[in-house]
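The values are calculated or read from the model by the stated rules, or taken from the named source; none is laboratory data. Not measured: the values here are computed from a predicted model. Ideal geometry is used to build each Cβ from the backbone, glycine not excepted, and the neighbour counts take in all protein chains shown. We work out accessible area using only protein heavy atoms, side chains counted, and drop any ligands, DNA or RNA first. Shrake-Rupley method; radii C 1.70, N 1.55, O 1.52, S 1.80 Å.
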Amino acid sequence: MNTIEATLQSKRETAKQYVKKIYNATEQRNPHETEFLQAVKEIVDSLIPVLARQPQYMKSGILERLLEPEKVISFRVPWVDDQGNVQVNRGYRVQFNSALGPYKGGLRFHPSVNASIVKFLGFEQIFKNSLTGQPIGGGKGGSDFDPKGKSDMEIMRFCQSFMTELYQHIGPETDVPAGDTGVNAREIGYMFGQYKKLRGAFEAGVLTGKGLEYGGSLARKEATGYGLVYFVREMMKDNDLDFNGSNVIVSGSGNVSIYAMEKAMEFGAKVVACSDSNGCIYDENGINLDTVKELKEEDNERISAYAEKHPHAQYLEDCNEIWSIPCDIALPCATQNEIDGKTAETLLTNGVKVVGEGANMPSTIEAIDMYLDNTILFAPAKAANAGGVAVSALEMAQNSSKLMWSFEKVDARLQEIMKDIYQNSMQAASDYGTPGNLAAGANIAGFVKVADAMIEQGVI
Ligand code: NDP
Ligand code: 2IT
């Protein structure tokens, strides 16, 4: 080993020890937050080559600061159900990092929501939002409220109570929530109405994902799913692959899944399976998307009802069974950790060539290692699903200029943004010694911009 190699190795060793120390301290400080720790581990490990080359990030305490949210708000959400009983849920907003702009990120209503889930989502959001190239910081929120089986009036009362506390912490220039699991245009509408009443002003840019009549953006509803498919298409193009003629599996049947299926089909793919938390549908003729939209966007039905309308389709009573159906392209679009190491192995055995993440953190670290070790083309969530928040930022721009752009204009911007994210992540991966590894590249490209902005803004 010559002197230059020895110096490089020693710098790398210093960075590695530093990351280990930082991770251990985070673990001690947040001992039960398994999802948050998983998101942290996945990111900090990939930053070792950056810290080795730019030790100023260690000296400025960037990771120490990044890993501690700027502010965490946790609050009681009391509401009255249709029987007149008082119900109490817990609400959260984690304002993680504002180096690049106002906090930005969705609200999730699901019984599994807790501090760890909200923090993992908020932490990922910092890097994702940085990758979009838009002026937005990272945040996330939600509640352990379960919207399933609730009447429209119960949903409205819950949303109003949630906003009665949240309104004082948010605003178009401070923190701009949007939807996520369990939160779509209806919930955003009820929350916007309550915010407007409490503020006594029409501040359109306080929430995104709004209805089109009152400040919403065309193509926001489609943006995450479409963006995912645009991103995966870029990645496949570079590897002489195409959606056209491919068999695709999309887990979930919510907002992200539906529009991922729509665009994949438009690009000539056959989508053979989708799911919800109860089970999955296998339709070898190709999923009928009109039926899925009707069941999920209009009738609030379970996906099992698909098989009643299309008797040739098979319904499997376990949502994880979806991953044992052979496919060329797998698009997990339901929830975190839906693909573990063992499931990834099944996908591999069945010949999967591409995995593109529409959900946040749908693959465990073991699953990601499995993709990378087996040269599966892998599009990581924080890059591949950034289309939703990117169009949210375009919604904010439309709101502040009091303009409304055409669907074509927003969709064209979305395509450019997804292409840029792909190219910047590929570039960062090559610059730091892991060519083609988009997981590392996205983390690095997202991190560097936030870290530089934090240094320029001083220790705050
Ligand atoms: P929706 O609430 O619209 O849909 C979620 C879908 O996933 C439903 O079909 C739901 O089934 C299913 N699902 C949820 N939990 C599970 C589970 N444990 N096992 C199997 N299926 C499950 O949410 P979105 O489509 O908006 O969000 C899906 C994912 O995409 C989440 O990870 C979210 O964070 C991420 N995301 C969303 C963005 C957006 O713009 N909406 C942007 C970027 C990422 P069921 O109805 O049975 O619960
Ligand atoms: O995870 C995500 O990026 C979202 N749920 C969208 C956030 C947003 O602010 O549009």
Is there any pair linking a residue in the range 1-25 that is farther than 15 Å from GLU42 by Cα to one that is exposed (fewer than 11 other Cβ atoms within 10 Å of the Cβ), with Cβ under 8 Å and at least six apart or on different chains, and which?
GLN9/MET1
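Residues checked against (1) within 30 Å of GLU395 (Cα to Cα); (2) in a helix (DSSP H, G or I); (3) open to solvent by less than 40 Å² (accessible area, probe 1.4 Å):
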position: THR7; (1), (2), (3): no, yes, no
position: THR14; (1), (2), (3): no, yes, no
position: ILE22; (1), (2), (3): no, yes, yes
position: ALA25; (1), (2), (3): no, yes, no
position: TYR57; (1), (2), (3): no, yes, yes
position: GLU68; (1), (2), (3): yes, no, no
position: LYS104; (1), (2), (3): yes, no, yes
Taking only pairs six or more apart or across chains, which ones have beta-carbon atoms under 8 Å, a first residue in the range 169-187 that is among the polar types (S, T, N, Q), and a second residue that is open to solvent by less than 50 Å² (accessible area, probe 1.4 Å) and part of a helix (DSSP H, G or I)?
ASN184/ASN255
Every residue in the range 133-148 that is open to solvent by less than 10 Å² (accessible area, probe 1.4 Å) and either farther than 19 Å from SER277 by Cβ or within 11 Å of ligand 2 (Cβ to nearest atom) (or both), please.
ILE136, GLY137, GLY138, GLY139, LYS140, GLY141, GLY142
Look through LEU66, LEU100, LEU107 and report the one residue that is away from ligand 2 (no atom under 16 Å from the Cβ) and either closer than 23 Å to ALA386 by Cα or under 16 Å from the mean Cα position of the chain (by Cα) (or both).
LEU66
Quick one: in the range 368-399, of everything that is touching a residue at least 24 places away in the same chain (Cβ under 8 Å) and of a type in the set (Val, Ile, Thr), which residue is farthest from ligand 1 (Cβ to nearest atom)?
ILE376
By residue number, the members of the range 241-271 that are in contact with a Cys (Cβ under 7 Å, 6 or more places away or on another chain) and not in a helix (DSSP H, G or I) are ASN247, VAL248, ILE249, VAL250, SER251, GLY252, SER253
Taking the range 205-224 and keeping only residues that are within 15 Å of ligand 2 (Cβ to nearest atom) and either open to solvent by 20 Å² or more (accessible area, probe 1.4 Å) or in contact with a Lys or Arg (Cβ under 6 Å, 6 or more places away or on another chain) (or both), one is left with GLY209, GLY215, GLY216, LEU218, ARG220, LYS221, GLU222
